[in-house]
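Beneath this line is the structure, given in structure tokens, with notes to follow.
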Amino acid sequence: MAGRAGLGGREVSEELLSPEEVRSALRAYFAGSSVLDEARALRDDAAAFGEDGFDRDRWRALAGDVGLVAMAGPEAAGGLGLGLVHLTAALEEAGACLYPGPVRASVLAAWTLGLPGASLPDGAGALLDGTEIAGMPQSFAGRAPGLVLSGGRVSGTVRAVTHGMSADVLLTLADSPQGLVPVLARLAEGDVARRAVQATDLTAGLADLELRAVPAVPGDTGALDRTRDAARLLLAAEQVGGAQGCLAQMVDYAKIRTQFGQVIGGYQAIQHRCARVAIAVAGARALVLAAAKAIDSGEGEAAHRLVLLAKAEASEAFDGAADALIQVHGGIGFTWEHDAHLYFRRARASSALEGAPSRLRDDAVTAGCLSLLTRAPVS
């Protein structure tokens, strides 16, 4: 793969850039720009950033200068064409600081442009550099479509679209004469009615959209299952990041909070709670990585099973971590001013998407996940 500019202007390629380098670069960026302040601003004022729901200048810097979205885009559009192993690492870091920008939708939309049979739409570069905002149904893989594709245009209603009030493009599913297909609808070029929706997650920026003959670029029907699995996996990666963010705050607080003459981190009850969260996060992250490798390697059936298991583990890890974050902080963890409820809200909202953990595990067993116990590991 040829090198392309990304991650702050570096010439990088998949062979030279490791997932850990992606993780480290984004962690440094998010730490240096106080991204969590955006979530806090939305907590205090839902209209802090207008209809966007995020700082658009920071998003352009993250997407364009840092190259977050370009990592996912195909080389033909000026992207790096990196796989999900790298992209899940990026989503983890965005989730760890509750970044409210359109990361997941933009990364998924850019990634689908590189799938076999995909058509490269005009102006794809605007998506990669953050000029255009991407939205997607909050529950992408498990939602029945509300759109019909006919003659290169889509019509119908899509509910709970991320950043729906300001999205320029919409990645969703639509019924077509060939069956269910992924489509990239050009909202800015059509007739769209938007209605903001109140959400549990204060950073979600949801809206219901009614599309009337909006121009759309259809994907290949053969890419449907792969796109659904990728959407579910990116959400799981974001949840793992959220759980890691909870763990980091728990450990930091346990090091400085004193009670009965010593820091609370010295008590086994606190140590065990932190350890349980760390183990859950590690397990969920391992499943996300295995699923990402399987999708990148084209292992369709095995990838689907791993994605189901990864999402189930990520949901439970994030839920448990958010609960533990509140408990370790004690009384202050229950206050509106503390970050804990922001993580709690994101955890509960994301766990309800794409299927409950018990349902996902049941689906994985039905799909034959027990065969994973005897198959060769994904290298």
Residue list for region 30-48, filter: open to solvent by 50 Å² or more (accessible area, probe 1.4 Å) and either touching a residue at least 12 places away in the same chain (Cβ under 8 Å) or under 20 Å from E93 (Cβ atoms) (or both): A31, G32, S34, D37, R40, A46
When (1) over 18 Å from the mean Cα position of the chain (by Cα); (2) touching a residue at least 60 places away in the same chain (Cβ under 8 Å) are applied to A185, the one that fails is (2)
All but one of (1) outside any helix (DSSP H, G or I); (2) surrounded by fewer than 19 Cβ atoms within 10 Å (Cβ to Cβ) hold for L353; state the number of the condition that does not hold. (2)
Which residue is farthest from the chain's Cα centre (by Cα), if the candidates are limited to region 245-262 and must be buried (at least 24 other Cβ atoms within 10 Å of the Cβ) and of a type outside the set (A, V, I, L, M)? C246
Would you be able to say whether some residue in region 149-172 is of a type outside the set (V, I, T), more than 21 Å from the chain's Cα centre (by Cα) and part of a loop (DSSP other than H, G, I, E, B)? yes
Top-ranked residue of region 188-202 - restricted to ones that are closer than 16 Å to E132 by Cβ and modelled with pLDDT under 95, ranked as least open to solvent (accessible area, probe 1.4 Å): G190
Of the residues that sit in region 267-322 and are among the hydroxyl-bearing types (S, T, Y) and surrounded by fewer than 24 Cβ atoms within 10 Å (Cβ to Cβ), which one is nearest to A248 (Cα to Cα)? Y267
Against the conditions (1) part of a strand (DSSP E or B); (2) at pLDDT below 95, where does A144 fall short? Just the number, please. (1)
Within region 103-138, considering residues that are out of contact with any helix residue (DSSP H, G or I) (no Cβ under 9 Å at 6 or more places or on another chain) and modelled with pLDDT under 90, the one most open to solvent (accessible area, probe 1.4 Å): D122
Is it true that E210 is open to solvent by 20 Å² or more (accessible area, probe 1.4 Å), at pLDDT 95 or above, in a helix (DSSP H, G or I) and among the acidic types (D, E)? no
One residue from K293, K311 being of a type outside the set (A, V, I, L, M), under 16 Å from A231 (Cβ atoms) and modelled with pLDDT of 95 or more: K311
Give I256, I264 a once-over and let me know the one that is in contact with a strand residue (DSSP E or B) (Cβ under 8 Å, 6 or more places away or on another chain) and free of Cβ contacts under 8 Å to residues at least 40 places away in the same chain. I256
Failed condition for I279, given (1) out of contact with any helix residue (DSSP H, G or I) (no Cβ under 7 Å at 6 or more places or on another chain); (2) over 23 Å from V307 (Cβ atoms); (3) of a type outside the set (G, A, S), with all others met? (2)
Out of region 50-102, which residues are among the hydrophobic types (A, V, I, L, M, F, W, C), in a loop (DSSP other than H, G, I, E, B) and open to solvent by 10 Å² or more (accessible area, probe 1.4 Å)? V66, A70, C97
Please pick out the residue among A302, A284, A317 that is more than 15 Å from S350 (Cα to Cα) and among the small types (G, A, S). A302
Selection count, region 147-178, where residues are crowded, with 22+ Cβ neighbours inside 10 Å and on the phi > 0 side of the Ramachandran plot: 1
Of the residues in region 323-347 that are crowded, with 17+ Cβ neighbours inside 10 Å and among the charged types (D, E, K, R), the one that is modelled with the lowest pLDDT is D339
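Residues checked against (1) free of Cβ contacts under 8 Å to residues at least 40 places away in the same chain; (2) farther than 27 Å from E75 by Cβ; (3) touching a Leu at 6+ places or on another chain (Cβ under 7 Å):
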position	(1), (2), (3)
L115	no, no, no
A118	no, no, no
P121	no, no, yes
I133	no, no, no
G151	yes, yes, no
A160	no, yes, yes
So is H329 of a type outside the set (K, R), assigned to a helix (DSSP H, G or I) and at negative phi or not? yes
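The values are calculated or read from the model by the stated rules, or taken from the named source; none is laboratory data. Note that this is a predicted model, so its numbers are computed, not measured. Cβ atoms come from the backbone with ideal geometry, glycine included; neighbour counts cover every protein chain shown. Calculation scope for accessible area: heavy atoms of the full protein, side chains included, ligands and nucleic acids excluded. Shrake-Rupley method; radii C 1.70, N 1.55, O 1.52, S 1.80 Å.
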